[in-house]
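The values are calculated or read from the model by the stated rules, or taken from the named source; none is laboratory data. Note that this is a predicted model, so its numbers are computed, not measured. So basically every Cβ, Gly included, is an ideal-geometry build from the backbone, and we count neighbours across all protein chains shown. For the accessible areas, the whole protein counts, side chains as well, though only heavy atoms, and no ligand, DNA or RNA atoms are used. Shrake-Rupley method; radii C 1.70, N 1.55, O 1.52, S 1.80 Å.
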Amino acid sequence: MDIKNHTKLQGEFRQIAEVAGFLWQRGWAEANGGNISVNLSLLFDNTSPNDQVFSAVYEFDETYPAIAGDFFYVTGTGKRMRDVAQSPLDHGAVFRVNADGKSAAIVSEKAVKPTSELPSHLSIHNFLKAGGNERSVVLHTHPTELIALTHCPLFLDSKKLTRMIWSMIPEARVLLWKGIGIVPYALTGTTDLAISTIKQLQKHDVVLWEKHGALTVGDDIMHCFDLLDTLTKSAKIYLAARTAGFEPQGLSQKQMNELADAFGLPVDND
Ligand SMILES: [Zn+2]
């Protein structure tokens with residue numbers, strides 16, 4: 001597999017670069033904050049698997065059976081999003097999970113060590129693939145306004161937060177129809193954080209990590225970005241109103257139900 005001359009893969013890398021640039025421009029990716037991983041397996045020819053292994057094999061503590069044999073792009077540990085935006089393969093790598101589901105090797109030319117959040121990412125990809133998503137994307141970043149909301153105990157309740165977000169602008173009610181999951185504070189890179197996140201992803205495709213950031217999943221990195229962009233827009237409207245000294249009225253329940261009806265969405269996020 002010649003990664004550099006693979007047109008479809010290059011298209012994927014361009015999208016990853018574009019989104020990494022958006023994260024930086026939005027101020028969501030200070031220093032080496034945030035990480036991206038994408039399951040690229042559908043673009044690889046599985047008949048010629050490990051013919052280009054450029055790194056030592058990584059051993060994991062967990063086994064990921066659903067993604068055994070799959071190929072992923074993952075941003076590198078300590079790498080800056082603003083650099084990923086310039087050149088994804090110099091600040092991240094493509095690796096393949098081995099057939100045992102318990103180890104992996106880098107197959108792109110530069111052996112860029114994956115993010116320290118790799119176990120969380122792989123657990124989530126494993127969960128998504130087991131649920132039928134073969135093109136899974138996991139995007140984690142630090143949107144300022146969303147983190148601010150998680151410092152308010154009122155919004156650590158998924159239902160209350162979702163209702164507020166939905167009521168700020170019609171687009172949020174439609175795009176974020178699955179509601180927002182909340183993951184209580186947990187140390188970054190731990191199994192606890194991964195387990196709590198997966199629990200929330202059973203219902204939602206966007207979750208907030210208390211006092212840390214946001215994580216979204218999907219099968220299209222641009223869509224993942226759109227979800228976070230819309231969510232942040234709602235949060236900004238709420239905070240702008242509060243800063244101006246008034247409590248925003250928000251769309252009424254009737255207006256939100258009307259939107260759900262018009263777009264064929266469930267009325268509640270439970
Ligand atoms: Zn983070």
Pairs needed: first member in the stretch 130-142, more than 17 Å from residue 226 (Cβ to Cβ) and within 11 Å of the ligand (Cβ to nearest atom); second member anywhere, among the acidic types (Asp, Glu) and open to solvent by 60 Å² or more (accessible area, probe 1.4 Å); C-beta distance under 9 Å; at least 6 residues apart or different chains.
142/30
Could you list, in sequence order, the residues of the stretch 103-119 that are in contact with a helix residue (DSSP H, G or I) (Cβ under 9 Å, 6 or more places away or on another chain) and outside any helix (DSSP H, G or I)?
104, 107, 108, 109, 110, 112, 114, 115, 117
Does residue 171 qualify as being of a type in the set (D, E, K, R) and closer than 30 Å to residue 79 by Cβ?
no
With the stretch 120-228 as the region, which strands (runs of 3 or more DSSP E) entirely inside it contain at least 2 residues that are open to solvent by 30 Å² or more (accessible area, probe 1.4 Å) and outside the structural domain of residue 30 (by TED's automatic domain parsing)?
none
Every listed condition ((1) in contact with a strand residue (DSSP E or B) (Cβ under 9 Å, 6 or more places away or on another chain); (2) of a type in the set (Val, Ile, Thr); (3) at pLDDT 95 or above; (4) open to solvent by 20 Å² or more (accessible area, probe 1.4 Å)) holds for residue 63 save (1)
In the set 235, 262, 214, the lone residue that is out of contact with any helix residue (DSSP H, G or I) (no Cβ under 6 Å at 6 or more places or on another chain) and not aromatic (Phe, Trp, Tyr) is 262
